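Here's the structure we're looking at; comments come further down.
A short reminder: the numbers here are calculations on the coordinates, not readings from a lab. All of these numbers come straight from a predicted model, not from anything done at the bench. Backbone-built Cβ (ideal geometry, glycine too); neighbour counts: all protein chains shown.
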Amino acid sequence: MKRLLWLDIAKALAIFWVVYFHFFNTVFEHAQFPPDDWSTLAAGAITILRMVWLKISGIGFHAVGVFIILSGWALMESTARRAESGSLKWGSWYRARFLRLYPMYWVAHLVYLVSPFVARLEPVDSRIILSLLGLRFIDITMNFMYLNAAWWYFSMLIQFYLIFPLLFWTARRFGPFTFLLMACALGFFVRYLMLVVYPQHGFWVLGGLAVCRLPEFALGMALGMLHKQSPARVEWFLLRGAGFLAGLLLYPAALWLYHNGITYVFVDLATGSCCLLEIVGVAGIIWRFSGVAKIFGLVGAFSYGLYLIHQPYVIWLGLRIRPLSPGSFLLIFVATLIVLSAWGILLEKSTNGLVNKLFPPKKGE
């Protein structure tokens, strides 16, 4: 399947946002900013800019929801094409997914263990076995954030891949809209049980139990189906400004859903959807500049590797350079992002190349 450049650009923007969020949180964790000053027009403008910057920086984790949506989208569209060509075999499909996910995940562990300039906040002990298996949801409070907190996403992802044949059949049987309603009903019901009726640790809702994030993944699958049916219409909405404006208008309502436990049932889907509209809208602008678009597209195509390796590096650096002015922080962030992007691309391309040599792809993968 031919890759959609603007979709890869959106993945790049999403991973940039995640890296920024983790770096920002580390550098400014204990920072005390000047008090709000409204004495003059210039002082008031600076105060407003600082408030907006802090607010936007604080919601960077919403980009994880974008990754979940885009994962469902890409997986649905690619699998549907194989099904229509008659080359889809679920055994081969699982083999391909395993070889796509696990080797780079294991390389990320190796990099963490041997690389300098990474934050090692926990001892390496027997928990690393469950981590290597991806079963970080076992004894979730001890394992889910072990060594590299960003790896929780992998545990959620393998759950989605495990049940994907069922999701795929349901989506094709009932169509995108009915499927999305069914998936949201199930996901919201489980979230309600775990948040309100039988309160559980927040890690389960975060992704320890993938069904809690099913609404976002199913939204991506539904969008993938709609895009396959009518690409021009979907791309017009997402890339021409209408989606960006809709996301901007709806974002305050999505943020309000943090209000209490009941409204929190819906918050991840709402914030992830709004963030998706903003990120894809910006991707639509970048897409029009071919040189820049190719660079962003390259990073997006290998965003998985960057996601797996970035957090220990930015925590290590952030702890050593704070306190820092906002201007200096942004300059260092850009430089760090360039280095980490190149490192992540190198690792993922090398890993994929080695895996493809050892295990050549089979028909249907």
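When the expected Rg is taken as 2.2 N^0.38 Å, what fraction or multiple of it is the alpha-carbon Rg of region 1-75?
Its radius of gyration relative to the 2.2 N^0.38 Å reference: 1.51.
Listed highest first by mean packing, meaning other Cβ atoms within 10 Å per residue, what order do 81-89, 315-323 come in?
Per-residue Cβ counts within 10 Å, averaged per peptide and sorted highest first, yield 315-323, 81-89.
Which of rounded, prolate or oblate describes region 21-117 when judged by the alpha-carbon gyration tensor and an a/c cut-off of 1.5?
The shape class here is oblate.
Go through region 92-107 residue by residue and turn each phi into a ³J(HN,Hα) via Karplus (6.51, -1.76, 1.60, θ = phi - 60°); whole Hz please, and just put x for glycine and proline.
5, 4, 5, 4, 5, 5, 4, 5, 7, 8, 5, x, 5, 4, 5, 4
In region 301-365, if the dipole is taken from +1 on Lys/Arg beta carbons and -1 on Asp/Glu beta carbons about the Cα centre, which of V334, L317, S350 is farthest to the positive end?
S350
Which value results when the Cα radius of gyration for region 292-346 is divided by 2.2 N^0.38 Å?
Ratio of Rg to 2.2 N^0.38 Å for region 292-346: 1.22.
Hey, got the Cα dimensions of region 92-172 along the principal axes, in Å, largest first?
47, 25, 18
So which aspartates and glutamates pass the test for K228, namely a Cα distance under 15 Å, with those fewer than 8 places away in the same chain ruled out?
List returned: E77, E84.
In whole Hz and in residue order, list the ³J(HN,Hα) couplings for region 170-186 that follow from phi through the Karplus curve 6.51 cos²θ - 1.76 cosθ + 1.60, θ = phi - 60°; x for Gly and Pro.
Rounded to whole hertz, the list is 5, 5, 6, 6, 10, x, x, 6, 5, 4, 5, 4, 5, 5, 5, 4, 5.
Gaussian network model of the chain, Cα springs within a sub-10 Å range: biggest mean-square fluctuation belongs to which of E77, E235, E348?
E235
Classify region 208-365 as rounded, prolate or oblate from the Cα gyration tensor: take a ≥ b ≥ c as the square roots of its eigenvalues, call it rounded if a/c is under 1.5, otherwise prolate when a/b beats b/c and oblate if not.
The shape class here is rounded.
Compare the peptides 91-98, 286-293 by average per-residue count of other Cβ atoms within 10 angstrom and give them in order, highest first.
91-98, 286-293
Where the eigenvalues come from the Cα gyration tensor of the chain, what are the semi-axes √(5λ) of the equivalent ellipsoid, largest first, in whole Å?
Output for the chain: semi-axes of 31, 26, 23 Å.
By count of other Cβ within 10 Å, fewest leading, how are T271, T47 ordered?
The most exposed by this proxy come first: T47, T271.
Which order do the peptides 154-162, 124-132 come out in when sorted by mean C-beta neighbours inside 10 angstrom, highest first?
Peptide ranking by packing, descending: 154-162, 124-132.
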